[in-house]
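What follows is a set of notes on a single structure, which appears directly below.
Read-outs: derived from the displayed coordinates by stated rules, not from any lab. Fair warning: this is a prediction, and the values are worked out from it, not measured in the lab. Using ideal geometry, Cβ is built from the backbone for each residue, glycine included, and neighbour counts are taken over all protein chains shown.
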Amino acid sequence: MAMDAIFELPDDLLATLIESFPCRDAQIRALATLLYPRAAPCRNLIIHGAEATGKTAITTGLLEALRSSADTAPVDYAIVKSAECVTARHLFERTIGSVIDALDWKGTASGGRCETLAALTVELARVLKDDAERKDRFVLVFDGIDRQREAPPTLLPALARLSEIIPNLTTVFILTTPPPALLRVSSTPQLYFPPYAKFDYVAIFSRPPHAPAALPNTTVQETADLWARFTAAVHDALAKPASRSLPGLSRACAALWPRFTAPVAAGTHRAREFPKLVVAARAYFQDESILEPGITLVDSRSAKLENGSSTATAAASIPPTPSTGDSAKRKGSEATTPMTTAKGASKDLATLLPPTARLLLVAAYLASHNAPRHDQTLFSTWDSGRRRRGGGGMPATRVTKRTKHRKIARKLLGPSAFVLERMVAIYAATRREWDGRAITAADDKRDIVATSVDGDVGMAIATLASLRLLVRVGAVGAADAMDRGGKWRVGVGWEVVRGVGRSMGVEVEEWLIE
């Protein structure tokens, strides 16, 4: 005599759900096992993981499929989002209302007021009493319950006890990181949704609706292969530092794809020439204004530059009778003006850092790339009353066979370590010349140069260290960060320091000795 299987899962529903949510097969099957009435339903379930990993979407899709299917045991559910509840009382009343709407309950409610956990328990028991007599399973989902505002400390343990009073109730808690002993109930299963890996992103983006249409002059397969390599490159460039979620990476790919494939559409490159396309679109992977147009800064310098460029364009439109060379120069200047304006309006270190931090960053670069024996030549005014920049005034050496070999420029080499006292000394010696606002008029009359390290300098050093623009060398926790003998190393390259220096009117190359 054949017997029906006690433990079974709705394979047809799971297949549809796995097709809709790729790379989540194990989580879907585990969730179905713990919620399906004919499998192994549990009283409480904790679903946790990082944001945008499919926790809420998969839970909602599975419960909706179980409720709408005629072949499965009846399952009703209600989802309460804590982000939409201002207080704990609002959460209780929203829970009662969601359960009543899900069951289409015709009973008499208690005026819609539910201020305590005890009142919530009584109301849920009244509403779910008829459901218990029919032996229907009800799943109550609290989405983002760990971020509930004005929540009492006993909220989660009390909600976990509801299933002990109401037999046919399963309570699901969706949160980010569960602390130890969260529900204070033993044997609570937990289902973890890990972040998507690189191959998961590539597999998800290769399916609709993420997959793009075929490009001009290419086949569908060539477009699919280029799209897969492009999403992998975007993940390597942006996913770890910035776009750590699936929606963020999807928006980044959608914004960069038309610019990345512009050479293919124009016919200058083929779809198989992926390295050339990456080199051509390298600037797009580094420009924040393309991904987020709202995070650009337009300061007074860029506004003046824009006004100056418009004036120059208007003046250039007057037809004088220039020669061929003059017209070529004018066309070149008109072509580079928008790029200069866009660069000045972008969000870079020159606009983000305060003046003291910029001065210290340039001083740190000079300390890392200049030998200590040249400091007196560069920054001392004892001998001639003025500084010698770029090694000016150094005695000429006789060129021999030993000195004919070409040396590598110091700015192309890696930065060397320096002591904090040396960087502060360079800052104190050069800030009068680099930034005239550091010296007041009273100090100018008394001919006094303030060389002490004040609070602004300490705050600027701490800011540069927190941004990893200055990196501590050696034992990090051995001594105080402001120790004068502590060793540091600059964390930025030549291009960044040159831009920071030019924002203050300083040519950093003049202060380097080869």
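Which whole-number percent is the relative contact order of segment 34-76 (Cα, under 8 Å, 6+ apart)?
Here the relative contact order equals 35 percent.
If you take the Cα atoms of segment 86-203, find Rg, then find the Kirkwood Rh from the mean of 1/r over all pairs, what is Rg/Rh?
Here Rg/Rh amounts to 1.02.
DSSP loop (so not H, G, I, E, B), at most 15 other Cβ within 10 Å: list which trypsin sites (Lys or Arg not before Pro) in segment 30-131 pass both filters.
Filter output for segment 30-131: ARG38, LYS106, ARG113.
Under the definition of Cα pairs under 8 Å and six or more residues apart, what whole-number percent is the relative contact order of segment 196-259?
31 percent
When the C-alpha atoms of segment 144-248 are aligned to their principal axes, what extent does each axis show, in angstrom, from largest down?
So the three principal-axis extents are 66, 32, 24 Å.
By per-residue mean of other Cβ atoms within 10 Å, what is the highest-first order of 138-146, 488-496?
Ranked by mean Cβ neighbours within 10 Å, highest first: 138-146, 488-496.
Give LYS55/LYS198; LYS198/LYS487; LYS81/LYS129 a once-over and call out the pairs whose C-alpha atoms are over 27 Å from each other.
Going by Cα-Cα distance, LYS198/LYS487 fall outside the 27 Å limit.
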